[in-house]
Structures are given as C-alpha cells and as structure tokens.
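Undergrad: Can you read through this structure? Questions will come right after.
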Amino acid sequence: MAIAGDANLRCFPQPNPVDAVRWLPTVSSLRRFAAVAVHDPDSSSSAIEVHALNPGPNLLLRSSHAIPSRISALRFSPTPQKPLLAAAATSAGSLHLLSIDPLEGSIDSELSVGDIGFSTGAVADVDGQAEGREWVSVGEDGRVNLVVVGDGRLEWRRVFDSKGLVEYSAVRWASPAEFATGGLGFGLQWWDQRKPGGAVAHFKGNWARGNTVGMVHSIDIHPSRKHICVAGASSGTVFAWDLRWQHRPLLLSGVSTGDTVQPASESEVWEVRYDSHIQPSSVGTGPTRILPVMMCSEDGILAVLQQGEEPVELLAEPCAINGFDIDPQNPSDVICALEWEMIGILPRSKETSTAS
Amino acid sequence: MPGRASDPGNSLVPFSPEVRDPVVYPIRHGIKTPLFRVFVSWSHGNLLNVACLQASPPESNAAAGTAESEVNIGGKVVEVRLGDGDGEINEAQRRRIAYGSVPAFAMLQSRRNSLSMMSRMASSSFRNEWWRHVLEYSNQIKDLLGTPRLPSSSVIEDPKMVLQQIEEPTSLKVAWELMEIFYVDKQSSAWLPERLVDWLADYDCILAKTEPAIYSKLVNLQKKIVNIQVIEDDPEYWDGISSALAVGWLDVVVKLLRLHGSYQLDQLGNRETENGLVEAVAVLVSTMPRMRADVPTGKLGQCYKTKPDFVKAWEKWRGHITKLECSAFWVQCGHRQTREGLRNLLQIMLGNIKNLTTSTCHWMELYISHFLFIRPFSMGLEGMYSLAQKCMQLKPSSNSSGLIGVFMGILGGNTEVVLAECSKAFGPWMVAHAMELLMATDDHADILLHEERYNLGGISMEELYRLIYAQVLSSHPLTWQIAPTYLASCSKQGLGLLEVLLYRQSAHNYRVTLKNLEICRLYELENISECIMKIAGVYYWKHGRRGSGIHWLQQAHDEVRLNRIAQQLFDCIGKSISDDSFKQWEGLVELLGSEVGTAGGLEFLHKYRDFKRSLHLVHDKKAVDAARQTVESLVQLMRSPSTPRRFWLPLLHDSVHLLNWQGRPLLNVSETTLLLSKLQELSMAKLHPDFSDFDLPPQALATVRLALAKNLRQAILEES
C-alpha cells in the first residue's frame, strides 16, 4: 500500500466533538470558510459554526448558530450562490435550513421543520438539489421526505413511509427526479418520484462476514454518471452499484468470496466522495470505469480508491475519521472531522493528482 | 471514624486523610420546602444527579390549591458539577492530553512486548536499550503538555527587553520534566545540576504565582527600566542582577549590565574605570564554565562535556575572579552602588553562601545556586536530599505545593512517595503515564511496581494505577473509547473490565454501537460483539424500528429471539401483505435475504412474498406456466415447517382459483392429499386458543375443502 504520510495534516483541536465538516462552496477564491457541526455533551448543546480558514493556516470562528439537538448530517446545496443554503438534520428528527453569507461567513436565517408527522426518529441524512430549493431526507424511522423551501417556511411531503420495517442511513440525488438511499445489509434503493409507492430497484450485498450489520453510511453519485452510485459501508466495504447491471456490484474495497480486492480499511467506512483532484489513470478510461473515490474510516484511514488499483492511503490516524469533505473549488484540499475533537486539513500537492 | 468508608491505611486507592474545608454547591431546585426526599447518584464524569422530591401536600390544601398545582412541581433532577479542575488545565485540554498520550503509550507497550520477546535471555541488554524508548515516549508526552520554549523570533532585539515573557508552562509539564531528568535521561546524568538549572528557569514563574521569587522580581524590574534614566543608582537594578546571576540566568545578567550608564557615549570619558569594571564582570559572567553538552541559543557560558576539562576551566575562571576582586581599580571607581553591586556579583560567582542566600528568594532558588557556584558536580540522591533540607531551613517556605512534594519524594528515593504525591497533585493520568518513567532505569521501582500484591487482589501496582485511570476514562462519553488501550495492558483484570465497559455503552446511537463493535473486533471479542448486537437488536425492535431489530438479531444469529419476534410480526402482517400494497414489506423482505436458516421463522416472509408475486401474474386465465409455478411455491410453503399454521388457511383461500383451474389439474394426487391433511389438521385445531383467522369469510374452510376435493377427483382421473 502506498503511504503518502500524514506530515501535511494540520490539526485544529476544538473544545468539543466535531460531528460533521463541510467546505462552503465559495463564490470568491480569496475567502475560504468551513462549516462545522459541533456538540457539547456536558451542556447537551449543538451548533453549526462557520470558521474562516486563513493562511498560516489557522481557523477562526466567524459565526455560530445553535441547533436544538445533535446534528446527524450537514449538507450544502452544491451551487455556489448568495446566500448559500445548508441543511442540518438532527437526531431528534428535525431538519434545519440555514442561509449563510458566502462572503462574510455569517449565518443569517434559519427555517426548520420538526413536527412529529415529519419524523419520529433521527433524520439520518439529507441531500439538496443544485439550487437548494428541494431537499430529500431519510431517517431511522424509515420515512423518506421531500422538503421544499416555500415562502418563508419549509414545506414537506412524504415520499414513502416504511413504518419502521426498513430504515435508511444515507441519501443522494441522482437527477431532479431520482435519488438513491442506503441502509442495512449493504442495501441500496433507487427511487423515482415519477413512480410513487416505493423504491424502483433494490440491492442487497452479501459481503457480511463475522459480526457485522453491513450498514451503508454514505453514498455519492457523480453528475456525469448518474446511473452509478458508490457506497461506503461496514467492514471497509466500498462498492459501486450500476443500475444497468443491478446484480453485478463492483467492489472497490472490502472482502468478498472469490473477489480479491484489497481493503483499504477493515472497519466502518463513514463517508465516500468522488475525488475530483485525482485524474483517473489513462488505462481503460471509459464510461464503464468508476471514477476515483475517497473514503474515510473508523480505523483512521483516509484513502483514494481506483478501480483495479491498490488504494492510496493519504492518512492513517490513531483515531477515527468520522467524516470529510473535498473543497469543490480547490479539490486538492480535504477537511476532515477527527474523533479526538479535532478538525484536520490536508492540502495535497499537484503531483499526487495523477495517480500512477 | 464516622462517615468514612474505609480506613485510609487499608484503602486500595490512596486518598488524603487531611480534612479539607467542605465545598458547598448551592442547588437551585425551585421546589417548595420541605423536601420529602433527596436522591443523589453519579452521572458521567464528575457530574452528580440530584433528584429532589417534594413532600406530598396535606389533604386540606389539595382542594384549595388546584389552580396552583399546575405550577407546583413535585420534584426536579438537578445536575451538579463537582470541582472545576485546578484552573490551570480545563476539561477540554485534559481530554486533549488524554487523547494525545494514547499513541505514545500504545507504542511504548508494543515496543516493550517485542523487545522483551527478543531479549528474553539477556535482560541487561534490554535495560540498556529500554531507556531510549522511554525517553522518546517522554518527549512525545512533553510536547503534548505544552509548547517548548523557543528563542525570541523577533529580528531586531530591544536592548531594554531583558526578560522574555513566555507562555507559562503548566506545573504538570514541569513535574513531568523533573521525573524525566531524574529517572530517564541516562545520557545527561553527569550534567544533572545543569539540567536542574534549566528546569528552574521554567519552574520559577510558577513558583512566583504563590510566593516571592526571582522571576517576579525581574518582571517588576523589566517594567521599571523602560522609564528610568540613571539605572545604576537604583538598588533594585543591582538586586535584580545579583538574583538573576544566583540562579544562572547569565543572559539576563549581561543584558542588564550593558544597560549601565557608563556605556553611554557622553559618559564614557569620565567613567572609564567604572565602565571597565562593569565590562570585566560582564565578560566573566558570560564565560562561566558550565558542565553540559551545549547551551541553547541566546544563553551564555562555555560548555565542557567532561569533568577534567571542566575542573581545569573552573579553576582558571575562579582565578580570574579572585584577581579582579583584589584589583586596585575598585578604589578608583567613584560610583558607590556600582562598586558594591559588582563586588557582590563577584562574591556570588565565588560561591559565598551569605551573598547567595540574600540574593535568592525561595529555597529552591538557593538550592539551584548551590549547584551553580558551590558544588557544580553531580552527587548522590542522599547528598542532594540533605542539601535540600539545609536550604529549606535557611529559607523556610509556607507553601508546599504538589510539585515540591514530588521533588522531595524523588530526592528521598522513595518510589511509593513519588507516586502518591503525583496522584495527589496531578491525578490518575499522571500516575498511569509517569510509572513508565520511574521504571525506565530503576530496577527497584520496576520490581516494586510489578510485584503482585495480595492486598490489591493479586494485581500489581502498575495494573492498579492503569485500571484507575481507565475507570476515569470510561466514565466520560468522550473518552471511553480510549480506555480499552489501557485496559488491554492490564493482564489480570483488564479484559474483564473491558467487557463490562463494552456492555455498558448505550444502544441508542447506532454509531456508538458500531464503534463499540469495532473495539470488539480489535480485541477479538466475538462473543461480546454478538451480545452487543443482540442488545441493539432488541432495543431497535422495542422502539418500533422493526427492520433494524430483525437485521441486527439476524446478524447475531439469535434464533430464539427471531422466532419470538416472527410471531409478533406475523400478527401485524394480517392481511396487509395480501393487499396490493406489499411494497411496504418489500424492503424488509429484501433485507432478510434469501439465504436459508439465517432469519429464524422469518424465512417464511421471503417465500410468502414470492408466492404473492407469482399469484399476481396468474390472474390471466391463460398463464398456465405461471399458475404451475405458483402452485409449486404453494406446496413448498405448506410443506415448510417455518410457515406458521395461521397462514395455512389464508394461503389456500388465496389460491382457490388455482385449485379450480380449468383444464388439467395443477396439483397431483399426493400434493392434494398433503393439502387436505393440512386442512384437516387445521379444522381440528380450530378450537385451539391461539388460532385466529384473518377476516376470512366464514365459509372459507368449506370453499377450500370443496376445491381440493374437486382437484383430487380430477387428479385421480388424470393419473389413472
């Protein structure tokens, strides 16, 4: 396994645990901000904080906005705009939409939805459409909701309610009408709003060995390949599911019988993202090839996976990496949330962008 | 003694028998007095949950106070935080230290294991090698406790800036450094006095917080010199110089001397001799021989690594001082303060005990000045101990902070005292980590700490202190995850306590449960992880997350509970699955998977779903193949022992139109007989209490029986 070393990682200790980190999709290249979801277990308070990243580098707190319960997911609408829209899902079953000034890093307003009809358990994940007008949320109670930004308030409608028979832990839009969800048993579901009444396609992986529940923690779908979703799950498993070949998932990391794919990690893969910094190697590029994917794991690994190649380890930390984000404007920079109450920022050099 | 849990002499964990002033924590419970009862219980960390219950109001008041009763609360639980730490290190910093020391500790343990395996035969070579690893560990921990003192980074140095104001080190770091000096660093043991001089330079600012010390004297002087014109007239100036010299801060001395008025250009002409004397002393100070490897940049003195070289240079240097002392130039020096101040400095350098005593404030400073000017060589611990006592007598100190206790413990050569003092002053983290330093080079300490003790329940002191620290970590929701590292290093009780810790984590957050399972995987605790999954499964099931509950139990291979759950689940299936909307169940059925024998009684659901699916396809009368397939799965379902009896009749009733199939019969004779016998069994069981039929028409049984009979007739005709 190629080890790049962690000498470049800059750690910023925080006074409280960090649940999620995201780069702000910036409008200007001069100002860079990161949004952080923090939780204080002593006072049971949670907040979204915006930090400015100054050269040095150092992180400076710009604004903080209290959220009534612990944040389980934080997402920005992908389009850089003014103001930026970010959605925070909580473990108490509410959803908060924040508008953030991308130039000042200030949190200006909040809309929220959290009635009992919306959700009865933790909202596990949320994802927004490009402009941030429409969000889809999934929860541990098995509800899939569509949230639309209305006139000064949030409106929502139920897409599906499994009544607790199935629960979802991850969601990602594929197109304005379609999205994918993930859950237990290395399971993925494909939904099409034009075909109501349930998921249109199901997938269940059978890579479980030993004591594992095989939970999918994170999904990513590349805008140029909307029919493929990559998922990060238990036991170091990262796989790609192509809707055109639904019964032939492609294992990028993990262990399965017959397949010999080297696992980048052996524990929970908390987050996966397509890595736009790495140019896919020239051999065999084509529409069927899976683009490079970055993953982070419970055993402290941050690595880039490429189909048919050994994983490239970027970090091997002594504690879990609970989440990360790749700066959409400067894809060489990665920000990550470390278990030991720290934010890490990893700048990558240009040389690593072309993988061998 | 009343109210005391155990006699301090017998207690496992040492606690201070000194009675301190009680601390009062006011509780705002907002409940009308009198209180009926108060319950106190520990929450996580140092939080205390206090539940206050109100006495139930007397009967007569109950009617009158109906309007009031809404605001009147019957009881309240209040959280009380005990102690705010020592103020020097807050909780977040303490956790940061705890996190950061995990990799260093784990690395040292794995090195010990691999080294002791390699050099089992030669324990002496192990010892020779070992202290280097401990030194590396000590340095890692030291970095964690605070940033090292760096030389001034400013390009232009202000000549009037004699004392660099630095970030004050914590007493925790200073204590750690002290132990490293005495116990670990073999390489510089010959330079021990000089290391103590450096150590005091860090420590003095902590000393200055509670007692008069040279550091505070110099800080005051620093403030003053910016404003004063004729500095050499001020007695504080000379006092500061002599104090700084006494503890070996040579750079400060030289900087202060160069501020002397005789250096000013307009004065140079008429104060030539005076200036010459000042400069001569400054040169002598800056060329003081020091027995050490090197001096940090910015510090002064000439280094000699070996004793003979040093002694030669020392004698020569003292010769220069004596010569200057007897020089005739003093008579020509007209400025009294300068003359007296400089001669005082010479006396200090010559090691005059009287001058040293007046120039220092605290006994520790006097002690260090001994090493600089009276006995600059290493001596045994005994000698150092009696010297310390002598200094204490000369400069009695009211305050005996934890650090001094540790210091005296080290000089006294008593490992147990050192550990007790560490524990008292710095807490369990310090003891658990500093034990490694104590054992690095000291065989006696090694034996003492590793000896299994009857009064500790057969564990060693090393294990005891690690367990105490692990318990502290376990009690906090943010640090419990690092406790396993310490528990794993405890051979006797560690694993048992680790199991307890893992069991105790709540199941309400699945991420925590998964992190818990990851620890099980690392330590190969398969049976524990199975139990944790069962606990989580039951938790989810109870909280209405049925799919998760089933899946977790399925992965934990808990057949017994799955069968139980299956019965409850079938109850709520009712007819819903036979409706068109079995989309609801689709996800769960997918999740259960198709492998046989993993889902307990729930396998049935999968087959049932398949049957229902193919039944849907048969509505067209021409679909013979589909009909045949459906009948096949019907027979399979009826044969399978996992199909609950209560579903037999609905299954048969759903497929009546298949039994009445136009044309060739779909069931052969033996299959029909099987179904008939099942039907018979069912009608006999109808009186059975747990029998229930799902809203089937009352004649359902008869309809099915008739259809089966018809089918049997046709089948017999067909086969004959």
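Undergrad: Check whether at least one residue in the stretch A:107-118 is open to solvent by less than 30 Å² (accessible area, probe 1.4 Å), away from every other protein chain (no Cβ under 11 Å), among the charged types (D, E, K, R) and in contact (Cβ under 8 Å) with a residue 24 or more places away in the chain, and report yes or no.
TA: no
Undergrad: Let me ask you something else. Take the stretch B:452-494 and flag every residue that is within 28 Å of A:P17 (Cβ to Cβ) and open to solvent by 30 Å² or more (accessible area, probe 1.4 Å).
TA: Within the stretch B:452-494, B:I468, B:Q471, B:V472, B:S475, B:P477, B:L478, B:Q481, B:T485, B:A488, B:S489 qualify.
Undergrad: Take A:S281 and decide whether it is in a loop (DSSP other than H, G, I, E, B) and either open to solvent by 20 Å² or more (accessible area, probe 1.4 Å) or at pLDDT 85 or above (or both).
TA: So A:S281 does not fit the description; no.
Undergrad: Given A:V213, A:V200, A:V149, A:V166, which one is surrounded by fewer than 22 Cβ atoms within 10 Å (Cβ to Cβ), within 12 Å of chain B (Cβ to nearest Cβ) and not charged (D, E, K, R)?
TA: Being surrounded by fewer than 22 Cβ atoms within 10 Å (Cβ to Cβ), within 12 Å of chain B (Cβ to nearest Cβ) and not charged (D, E, K, R) holds for just one of A:V213, A:V200, A:V149, A:V166, which is A:V200.
Undergrad: Going by what's in this entry, would A:G254 be described as open to solvent by less than 10 Å² (accessible area, probe 1.4 Å), within 12 Å of another protein chain (Cβ to nearest Cβ) and of a type outside the set (K, R)?
TA: no
Undergrad: Within the stretch B:213-237, how many residues turn out to be open to solvent by less than 20 Å² (accessible area, probe 1.4 Å) and over 40 Å from the mean Cα position of the chain (by Cα)? Don't jump to the end; show me each part of the working.
TA: Residues of the stretch B:213-237 open to solvent by less than 20 Å² (accessible area, probe 1.4 Å): B:213-214, B:218, B:221-222, B:225, B:231-232, B:237.
Filter once more, so that each one left must be over 40 Å from the mean Cα position of the chain (by Cα): B:221-222, B:225, B:231-232, B:237.
Final tally of qualifying residues: 6.
A quick yes/no check of all residues on (1) assigned to a strand (DSSP E or B); (2) open to solvent by less than 10 Å² (accessible area, probe 1.4 Å); (3) in contact with a helix residue (DSSP H, G or I) (Cβ under 9 Å, 6 or more places away or on another chain); (4) more than 24 Å from A:A122 (Cα to Cα):
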residue: A:D42; (1), (2), (3), (4): no, no, yes, no
residue: A:E49; (1), (2), (3), (4): yes, no, no, no
residue: A:L59; (1), (2), (3), (4): yes, no, no, yes
residue: A:A88; (1), (2), (3), (4): yes, yes, no, no
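Undergrad: Something else now. Considering each of A:N16, A:N8 in turn, give the residue that is away from every other protein chain (no Cβ under 14 Å) and of a type in the set (S, T, N, Q).
TA: Details: A:N16 fails: away from every other protein chain (no Cβ under 14 Å).
Just one listed residue meets the conditions, A:N8.
Undergrad: A follow-up question, please. Go through (1) without any contact (Cβ under 8 Å) to a residue 40 or more places away in the chain; (2) of a type in the set (A, V, I, L, M, F, W, C); (3) in contact with an Asp or Glu (Cβ under 6 Å, 6 or more places away or on another chain) and name the single condition B:A328 misses.
TA: That leaves (3) as the condition not met.
Undergrad: If you check A:F179 against the conditions, is it among the aromatic types (F, W, Y), out of contact with any Ser or Thr (no Cβ under 7 Å at 6 or more places or on another chain) and closer than 26 Å to A:M294 by Cα?
TA: Yes, satisfied.
Undergrad: Would you pick out the residues in the stretch B:512-545 that are among the charged types (D, E, K, R), more than 8 Å from chain A (Cβ to nearest Cβ) and buried (at least 18 other Cβ atoms within 10 Å of the Cβ)? Reasoning before the result, please.
TA: Taking the stretch B:512-545 as the starting set, the residues that turn out to be among the charged types (D, E, K, R) are B:515, B:518, B:521, B:524, B:526, B:530, B:534, B:542, B:545.
Retained after the next criterion (residues that are more than 8 Å from chain A (Cβ to nearest Cβ)): B:524, B:534, B:542.
Within the stretch B:512-545, B:K534 is the sole residue that qualifies.
Undergrad: Could you check, for the stretch A:24-32, whether at least one of its residues is more than 14 Å from chain B (Cβ to nearest Cβ) and not in a loop (DSSP other than H, G, I, E, B)?
TA: Looking through the stretch A:24-32, none of the residues is more than 14 Å from chain B (Cβ to nearest Cβ) and not in a loop (DSSP other than H, G, I, E, B).
Undergrad: Then there is this: Just the residues that are among the aliphatic types (A, V, I, L, M), over 20 Å from A:L53 (Cβ atoms) and open to solvent by less than 20 Å² (accessible area, probe 1.4 Å), please, taken from the stretch A:302-335.
TA: Hits for the stretch A:302-335 are A:A303, A:V304, A:L305, A:A320.
Undergrad: So which residues in the stretch B:495-511 are outside any loop (DSSP other than H, G, I, E, B), more than 13 Å from chain A (Cβ to nearest Cβ) and open to solvent by less than 90 Å² (accessible area, probe 1.4 Å)?
TA: Within the stretch B:495-511, B:G496, B:L497, B:L498, B:E499, B:V500, B:L501 meet the criteria.
Undergrad: Right, here's the next one. When you scan the stretch B:546-563, how many residues do you find that are surrounded by 19 or more Cβ atoms within 10 Å (Cβ to Cβ) and either facing chain A (nearest Cβ under 10 Å) or within 22 Å of B:L495 (Cα to Cα) (or both)?
TA: So the answer is 10.
Undergrad: How many residues, within the stretch A:126-146, are hydrophobic (A, V, I, L, M, F, W, C), surrounded by 17 or more Cβ atoms within 10 Å (Cβ to Cβ) and more than 14 Å from chain B (Cβ to nearest Cβ)?
TA: The qualifying residues number 3.
Undergrad: Going through the stretch B:321-336 one residue at a time, which ones are assigned to a loop (DSSP other than H, G, I, E, B) and either aromatic (F, W, Y) or surrounded by fewer than 15 Cβ atoms within 10 Å (Cβ to Cβ) (or both)? Reasoning before the result, please.
TA: Residues of the stretch B:321-336 that are assigned to a loop (DSSP other than H, G, I, E, B), as a first pass: B:326-328, B:333-335.
Correct list: B:C326, B:S327, B:A328, B:G334.
Undergrad: If you scan the stretch B:599-632, which residues turn out to be among the acidic types (D, E) and either on the phi > 0 side of the Ramachandran plot or at pLDDT 80 or above (or both)?
TA: B:E632
Undergrad: Right, another one. So is B:T297 at pLDDT below 90, open to solvent by 40 Å² or more (accessible area, probe 1.4 Å), out of contact with any helix residue (DSSP H, G or I) (no Cβ under 7 Å at 6 or more places or on another chain) and among the polar types (S, T, N, Q) or not?
TA: Against the criterion (at pLDDT below 90, open to solvent by 40 Å² or more (accessible area, probe 1.4 Å), out of contact with any helix residue (DSSP H, G or I) (no Cβ under 7 Å at 6 or more places or on another chain) and among the polar types (S, T, N, Q)), B:T297 qualifies.
Undergrad: Going through the stretch A:227-236 one residue at a time, which ones are within 13 Å of chain B (Cβ to nearest Cβ) and touching a strand residue (DSSP E or B) at 6+ places or on another chain (Cβ under 8 Å)?
TA: Within the stretch A:227-236, A:G232, A:A233, A:S234, A:G236 qualify.
Undergrad: If you scan the stretch A:220-244, which residues turn out to be under 19 Å from the mean Cα position of the chain (by Cα), aliphatic (A, V, I, L, M) and either open to solvent by 10 Å² or more (accessible area, probe 1.4 Å) or farther than 30 Å from B:L525 by Cα (or both)?
TA: Those that are under 19 Å from the mean Cα position of the chain (by Cα), aliphatic (A, V, I, L, M) and either open to solvent by 10 Å² or more (accessible area, probe 1.4 Å) or farther than 30 Å from B:L525 by Cα (or both): A:I221, A:I228, A:V230, A:A240.
Undergrad: Give me the pairs, please: first residue somewhere in the stretch B:263-282 and in contact (Cβ under 8 Å) with a residue 24 or more places away in the chain and outside any helix (DSSP H, G or I), second residue anywhere and open to solvent by less than 30 Å² (accessible area, probe 1.4 Å) and of a type in the set (S, T, Y), beta-carbon distance under 8 Å, and either six or more positions apart or on two chains.
TA: B:R271/B:S262
Undergrad: Okay, moving on. Only one residue in B:R271, B:R258 is farther than 27 Å from B:M179 by Cα, open to solvent by 30 Å² or more (accessible area, probe 1.4 Å) and out of contact with any helix residue (DSSP H, G or I) (no Cβ under 6 Å at 6 or more places or on another chain). Which one?
TA: Result: B:R258 is the single residue among B:R271, B:R258 that is farther than 27 Å from B:M179 by Cα, open to solvent by 30 Å² or more (accessible area, probe 1.4 Å) and out of contact with any helix residue (DSSP H, G or I) (no Cβ under 6 Å at 6 or more places or on another chain).
Undergrad: With respect to A:I71, is the statement that it is crowded, with 18+ Cβ neighbours inside 10 Å, more than 14 Å from chain B (Cβ to nearest Cβ) and closer than 20 Å to A:S137 by Cβ true?
TA: So A:I71 fails the test.
The values are calculated or read from the model by the stated rules, or taken from the named source; none is laboratory data. All figures in this text were calculated on a predicted structure; none of them were measured in a lab. Cβ coordinates were reconstructed from backbone atoms using ideal geometry, including for glycine residues, and neighbour counts include every protein chain displayed. Heavy atoms of the whole protein, side chains included, go into the accessibility calculation; ligands, DNA and RNA do not. Shrake-Rupley method; radii C 1.70, N 1.55, O 1.52, S 1.80 Å.
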